[in-house]
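> What follows is a structure written as structure tokens; I'll ask about it next.
The values are calculated or read from the model by the stated rules, or taken from the named source; none is laboratory data. Predicted, not measured: the structure shown is a model, and the values here were computed from it. Please note: Cβ atoms are built from the backbone with ideal geometry, for glycine as well, and neighbour counts cover all protein chains shown.
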């Protein structure tokens with residue numbers, strides 16, 4: 001009897017907690033690139049000028065497990081909406097998708113519903129993706145949508161979680177506007193490379209860029225590569241280890257392989273485009289085992305992702 005009474009009291013408490021708000025949270029607003037579905041109210045709202053957001057890119061429907069994810073960096077807006085129960089999670093997802101496609105956005109990944117075991121998947125999503133967790137009633141009918149487009153000259157990703165909780169449709173909207181993290185790390189000139197290698201035996205290079213989970217050298221890396229090539233041509237007897245470093249996102253073995261692939265890509269660029277002898281360069285990957293800063297902040301992770309030149 002006491003158990004039934006306790007269950008009744010908890011159910012009443014949470015049904016009241018997750019009711020449809022009469023008005024939006026004070027100080028909140030819709031994201032201008034996305035908007036909202038009719039009838040929804042804002043119950044949670046945060047904006048960070050620079051943050052990292054993890055989103056799933058592959059979910060196993062049968063088992064409800066995340067098989068892949070990516071990190072998005074930039075200005076992150078997080079909005080938590082509560083919608084009337086007449087709007088199902090899938091209906092909300094379709095409405096957002098249609099509206100964003102009309103603005104030129106394209107779908108990168110979606111699942112509707114994501115899995116049969118929604119509660120288990122949702123809790124795993126919260127843990128692995130850094131979202132806030134639920135300690136009480138399990139969510140149902142989880143759907144997810146990830147889209148990419150542009151807004152005011154910036155690349156924009158929209159991640160949308162929709163599900164039901166306590167009889168209402170819940171909407172977790174995340175918008176990431178790509179924005180480079182300003183660390184004050186300038187491209188190291190050839191003269192500085194020479195000085196640091198003679199004094200310390202190594203120098204960290206921060207001007208070589210890759211996309212997340214990619215070993216393709218981006219075009220904006222050319223300034224840094226030119227300076228390295230200039231240093232090597234001015235000092236023809238020098239031989240270097242080109243060492244790739246990652247942050248600690250992802251598994252140990254994966255980061256080792258990724259860091260090596262990136263180092264090899266830098267060597268190929270220096271050899272093929274700048275005419276440096278391959279006998280003077282050796283690619284090495286050490287993953288995340290030699291950080292120069294904490295991996296607990298976006299700024300620290302950005303400093304740890306680097307290419308290091310070490311004298312042989």
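> Checking residue 163 against (1) over 30 Å from residue 38 (Cα atoms); (2) in contact with a helix residue (DSSP H, G or I) (Cβ under 6 Å, 6 or more places away or on another chain), which test does it fail?
(1)
> Please verify whether residue 303 is modelled with pLDDT under 90 and closer than 21 Å to residue 223 by Cβ, treating the condition exactly as stated.
Working: modelled with pLDDT under 90: yes; closer than 21 Å to residue 223 by Cβ: yes.
Considered against the rule, which asks whether it is modelled with pLDDT under 90 and closer than 21 Å to residue 223 by Cβ, residue 303 comes out as yes.
> I've got another one for you. Could you count how many residues in segment 42-61 are over 22 Å from residue 74 (Cβ atoms) and surrounded by 18 or more Cβ atoms within 10 Å (Cβ to Cβ)?
Start the filter on segment 42-61 by keeping residues that are over 22 Å from residue 74 (Cβ atoms), which leaves 43, 58-61.
Imposing the further condition that a residue be surrounded by 18 or more Cβ atoms within 10 Å (Cβ to Cβ) reduces the set to 43, 59.
The number of residues fulfilling the criteria is 2.
> Mind listing just one residue for me: the one in segment 188-211 that is under 21 Å from residue 74 (Cα atoms) and surrounded by 14 or more Cβ atoms within 10 Å (Cβ to Cβ) and, of those, modelled with the highest pLDDT?
Taking the candidates together, the pick is 208.
> Could I ask something else about it? Whether any residue in segment 169-185 is farther than 30 Å from residue 58 by Cβ, surrounded by 19 or more Cβ atoms within 10 Å (Cβ to Cβ) and not assigned by TED's automatic domain parsing to the domain that holds residue 111 is what I want to check.
no
> I've got another one for you. Of (1) in contact with a strand residue (DSSP E or B) (Cβ under 8 Å, 6 or more places away or on another chain); (2) surrounded by 14 or more Cβ atoms within 10 Å (Cβ to Cβ); (3) within 23 Å of residue 50 (Cβ to Cβ), residue 284 satisfies all except one. Which?
(3)
> I've got another one for you. Taking the condition modelled with pLDDT under 95 and either outside any strand (DSSP E or B) or not assigned by TED's automatic domain parsing to the domain that holds residue 75 (or both), does residue 248 pass?
Taking the combined requirement at face value, the residue satisfies it.
> Got a number for residues in segment 74-98 being surrounded by fewer than 20 Cβ atoms within 10 Å (Cβ to Cβ) and more than 25 Å from residue 22 (Cβ to Cβ)?
Of the residues in that region, 5 qualify.
> Could you list, in sequence order, all residues of segment 197-237 that are assigned to a helix (DSSP H, G or I), over 30 Å from residue 71 (Cβ atoms) and free of Cβ contacts under 8 Å to residues at least 60 places away in the same chain?
Within segment 197-237, the first condition is being assigned to a helix (DSSP H, G or I), and the residues that meet it are 197-200, 219-234.
Next, only the ones that are over 30 Å from residue 71 (Cβ atoms) stay: 197-200, 229-234.
Answer for segment 197-237, where residues must be assigned to a helix (DSSP H, G or I), over 30 Å from residue 71 (Cβ atoms) and free of Cβ contacts under 8 Å to residues at least 60 places away in the same chain: 198, 199, 200, 229, 230, 231, 232, 233, 234.
> Which of the residues spanning segment 92-110 are assigned to a helix (DSSP H, G or I), touching a residue at least 24 places away in the same chain (Cβ under 8 Å) and closer than 18 Å to residue 142 by Cα?
Matches in segment 92-110: 92, 93, 95, 96, 97.
> While we're on this one: Among the listed residues 303, 296, which satisfies the condition of being assigned by TED's automatic domain parsing to the domain that holds residue 205 and assigned to a helix (DSSP H, G or I)?
Going through 303, 296 in turn, the sole match is 303.
> Just checking, how many residues over segment 223-246 are within 14 Å of residue 190 (Cβ to Cβ) and either under 29 Å from the mean Cα position of the chain (by Cα) or loosely packed, with under 12 Cβ neighbours inside 10 Å (or both)?
4
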